[in-house]
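Remarks on the structure that follows.
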Amino acid sequence: MKKKILPIAIAATLMLSIFAGCGSSTENAGSNGSSSNTASASQTNFDASKQITVVTREEGSGTRDAFVELTGVLVKDGDTKTDKTVTSAVTINSTEAVITNVKDNDAAIGYISLGSLNDSVKAVKIGGVEATAENVKSGDFAINRPFNIAYKSNLSEVAKDFVDYILSSDGQKVIEDNGYVSVSENGAYSGSKPEGKVVVVGSSSVSPVMEKLAEAYKAVNSNADIEITTSDSSAGMQAAMAETCDIGMASRALKDEEKNELTETTIAKDGIAVVVNNNNTCDNLTLDQVKAIYTGETTVWSDIVK
Amino acid sequence: MRLGKIRETAMQGVFFLTAITSIAAVVIICIFLFCNGIPAMAKIGFSEFLGGQKWSPTNVPPSFGIFDMIIGSIYVTAGALVIGVPVGILTAVFLARFCPASLYKVLKPATELLAGIPSIVYGFFGLMVIVPLIRQYFGGNGSSLLAASIVLGIMILPTIIGVSESAIRAVPESYYEGALALGATKERSVFKTILPASKSGVLAGVVLGIGRAIGETMAVVLIAGNQVQIPKSITDGVRTLTANIVLEMGYSTGLHREALIATGVVLFVFILLITLSMQAIKSRSENHG
């Protein structure tokens, strides 16, 4: 009897500690919520003397490639290109983890695709221009990148028709409806509606809009069957080169060895939003300031927000 | 009679095939790694690849130096051992010699459950709980060598506890009784006779733990910060060999991809060394035993 009391007591303590833990964490969530609500009113709880935590994506990521090129972090000198991203930058391989890092850290700065932006972080204006689809389209928002598709020259009839559809005004409208920016000025779709199957493989940045395009295309051409596999830009290009798929998707420009074998077509544009913590008082950065932060010239927030 | 014989040979074939499967897998992985990795290393230059401190694969011209990551892997593993080994061995001693039977029924499954938790869950736990705590109490941005060491230390616990406990239990009861008979207290008998006698088994557990720590990927990539640098303090970020592969595999092309496979070769050599030392420990304990 006596021996049983001990494990029961331990179990009870564990349970209590779990409840206590949950209780305190919801409390935290509550206080976080209220602080972000009042942040715009008081803005006193942001400590600008903190070191900036620079959050970046991994080498080779389409988002990073576009970001470093457009902000000037990538220095080109003749034939050499050097990515000057500061070595102390936290490196992460997913958009979600970038958001989590910036959300939880007052002093962090990161960058994500405009389509993935949500309320948990704050997108700063770049040179006074807000990060919106309209501004990406007009070209006012400086940090934007192409969404590409690539295929071999011996494209099947139905795949060719699908590409025509994407570039037609109908397809471009689907792209705009989903918050991305259209690039083609072609007329309405007037294809022959051929029968067959199209396999599309590639970038997880492009595939959400590609799925919408496939849906819309199947509505006008019920003979076609479109299969989309989401992986990443390089896998998409390799599949297209090996002809295991018809069309590859990439959220970056094609590399030279890929260009040798594939035809590259830009189907849409996407903006890259620079995001900071909701408590951060900074809401406007110039392109040069972004560059200075990412190359490690500016290391504390007080140099930017006074 | 003849039917029985046929069945016998047939079953022998089946067992042979199953034995071959695992060996074939190892051999094929070896061939894949070395055929792809060694030429890449040669192209980059062995000393530049292993000793280089600059990793910028997308630059033109690119540099592929993984020295910082080799050091990173060693640091993170060492950190995990500092946290995991004392806790693991003392837990094993407690479970084997001091734990009341009723408590054992709770504790043992709990440590085994620790082994069954997927590593990505450990990673999220680290990102949501440990990283903010470190940011608050130690400074820096939280994603650090310390965070990775703590999470890996927890992850290697079940390995160390499990192997050490069975090693401690395998020590003949007469050692313990002998120590007691000579007038030693219970604690003294356990720590001065039983634990030294189970030394090689405990060591085997630690080596297995090293293997797990150095090969762990998903948890580390979320919480280590992944900067290519040799950390100067425990709150600095660090990139391990495994993290380097999983971070960049998705987007890499050409020589960059081959360099990542070559990183895998280096990792494979590490694991090979660990396995060999494991064998050495085993054979030594058999000779002595």
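Observations on the structure shown:
- Each Cα pair under 8 Å and six or more residues apart adds its separation to the average, and for chain B the resulting relative contact order is 25 percent.
- Stokes-Einstein translational diffusion, the protein assembly as shown - Kirkwood Rh over all Cα pairs, 0.692 mPa s, 37 °C, in µm²/s: 119 µm²/s
- Taking the C-alpha atoms only, the angle from helix A:2-39 to the longest principal axis of chain A is near 70 degrees.
- Averaged over peptide A:90-100, the number of partner chain Cβ atoms lying within 10 Å of each residue's Cβ comes to 5.
- Gap separating the Cα centres of region A:48-67 and region B:1-57, nearest whole Å: 38 Å
- Fully extending the segment from residue A:12 to residue A:288, taken as 0.36 nm per residue of separation minus the present Cα-Cα distance, adds 93.6 nm.
- With the convex hull of the Cα atoms taken as the outline of chain B, the averaged projected area works out to 22.5 nm².
- Rounded to 10°, Cα long-axis angle of helix B:145-169 versus longest principal axis of chain B: 30 degrees
- Size descriptors for chain A, from the alpha-carbon set: Rg then Dmax equal 23.9, 85 Å.
- Per-residue Cβ neighbour rank within 10 angstrom, fewest leading, B:73, A:182: A:182, B:73
- Exposed loop sites here are GluC sites (Glu not before Pro) assigned a DSSP state other than H, G, I, E or B and surrounded by at most 16 other beta carbons within 10 Å; excluding them, the longest clear run of chain A is A:1-129.
- Semi-axis lengths (Å, descending) of the ellipsoid that matches the C-alpha gyration tensor of region B:2-56: 47, 8, 6
- Share antiparallel - DSSP beta bridges, the protein assembly as shown, percent rounded to 5: 60 percent
- Counting only DSSP beta bridges whose two residues both lie in chain A, roughly 60 percent are antiparallel.
- Across peptide B:127-139, the average count of Cβ atoms from other chains found within 10 Å of a residue's Cβ is 2.
- Relative to the Cα centre, the charge distribution of the protein assembly as shown, modelled as +1 at Lys and Arg Cβ and -1 at Asp and Glu Cβ, gives a dipole magnitude of about 3000 debye.
- Tilt relative to chain A, helix A:157-167 - C-alpha long axis, 0 to 90 degrees, to 10: 60 degrees
- Region A:78-158: trypsin sites (Lys or Arg not before Pro) in DSSP coil with no more than 10 other Cβ atoms inside 10 Å: none
- Within 10 Å of each Cβ in B:55-64, the average number of Cβ atoms from other chains: 5
Values quoted throughout were computed directly from the atomic coordinates according to the rules given, and no laboratory measurement underlies them. Worth saying up front: this structure is predicted, and the values here are computed from it rather than measured. All Cβ positions, glycine included, derive from the backbone under ideal geometry; neighbour counts span all protein chains shown.
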